[in-house]
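The values are calculated or read from the model by the stated rules, or taken from the named source; none is laboratory data. Every value quoted in this text rests on a predicted model; they were computed, and no experiment measured them. Cβ: placed from backbone, ideal geometry, glycine included. Neighbour counts: every protein chain shown.
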Amino acid sequence: MWSSDLIRRGVLLLAVAGLVGACQVRPVYAPVSSPAAGDNPAMVTELASIAIETQTDQVAQALMNELIFQLRGGGALVAPKYQLDLIVTTRISDLAIRAREDIPVARLLSLTATYTLTEIATRRVVTSDNVYTTATYDTSSQRYANVRAQLDAGNRAARAAAADIRLRLSSTLIGKKG
């Protein structure tokens, strides 16, 4: 009786050790390596060598800043090999209007970014494309809340457009290397 109980405990201990051994511990926000996403060392260097045209409009500037962060990860610009030119347009449309008062209560911010990636040494256009994204926001009778909601919607749209542009640039540069 005692030996069968000991054998059961031993088997259970081995099963638990096997399960624990199969576990992998890594930080929740650690990046998952993916060559398509541009996380291999050569692609990181290639993306970090993209100089981005300075923007003056608020939403375009948010897009530029987000692209700088996504392409360089907060690092400095390495020797620029490429120039990324952006043309950013935004449009605001009313989505929902309060009955009898003709006041918009929900709006849609549409962002269209046309980008051109040019190789600096040869002045050859590597890729050119459009990115379209939207963000909605609610409006109220408070003026500052409306301004802040519009800024937040612009930042969300810029973040989504930057992620899309980064993915497209990574894909293009991987194809160029191959």
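Some observations on this one:
- Those helices (runs of 4 or more DSSP H) lying entirely in region 1-98 with at least 2 residues out of contact with any helix residue (DSSP H, G or I) (no Cβ under 6 Å at 6 or more places or on another chain) and modelled with pLDDT under 80: 2-22, 41-48
Conditions (1) farther than 21 Å from SER93 by Cβ; (2) loosely packed, with under 14 Cβ neighbours inside 10 Å; (3) at pLDDT 95 or above; (4) more than 21 Å from the chain's Cα centre (by Cα), marked per residue:
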position	(1), (2), (3), (4)
TYR115	yes, no, yes, no
ILE120	yes, no, no, yes
ASP138	no, no, no, yes
ARG143	no, yes, no, yes
LEU151	no, no, yes, no
ALA157	no, no, yes, no
LEU167	yes, no, no, no
ILE174	yes, no, no, no
GLY178	yes, yes, no, yes
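- Within region 83-130, the set of residues being among the β-branched types (Val, Ile, Thr) and farther than 14 Å from MET64 by Cα comprises THR90, ILE92, ILE97, ILE103, VAL105, THR118, ILE120, THR122, VAL125, VAL126, THR127.
- The numbered conditions (1) more than 26 Å from GLU101 (Cα to Cα); (2) part of a strand (DSSP E or B); (3) in contact (Cβ under 8 Å) with a residue 12 or more places away in the chain are all true for THR136 except (1).
- Within region 108-123, the residues that satisfy the criterion of being in contact with a strand residue (DSSP E or B) (Cβ under 8 Å, 6 or more places away or on another chain) and either free of Cβ contacts under 8 Å to residues at least 24 places away in the same chain or assigned to a strand (DSSP E or B) (or both) are LEU108, LEU109, SER110, LEU111, THR112, ALA113, THR114, TYR115, THR116, LEU117, THR118, GLU119.
- Scan region 40-71 for residues that are within 25 Å of LYS176 (Cβ to Cβ), charged (D, E, K, R) and either touching a Ser or Thr at 6+ places or on another chain (Cβ under 9 Å) or surrounded by fewer than 17 Cβ atoms within 10 Å (Cβ to Cβ) (or both) and the total you get is 2.
- Any chance VAL126 is closer than 23 Å to PRO41 by Cβ and in a strand (DSSP E or B): yes
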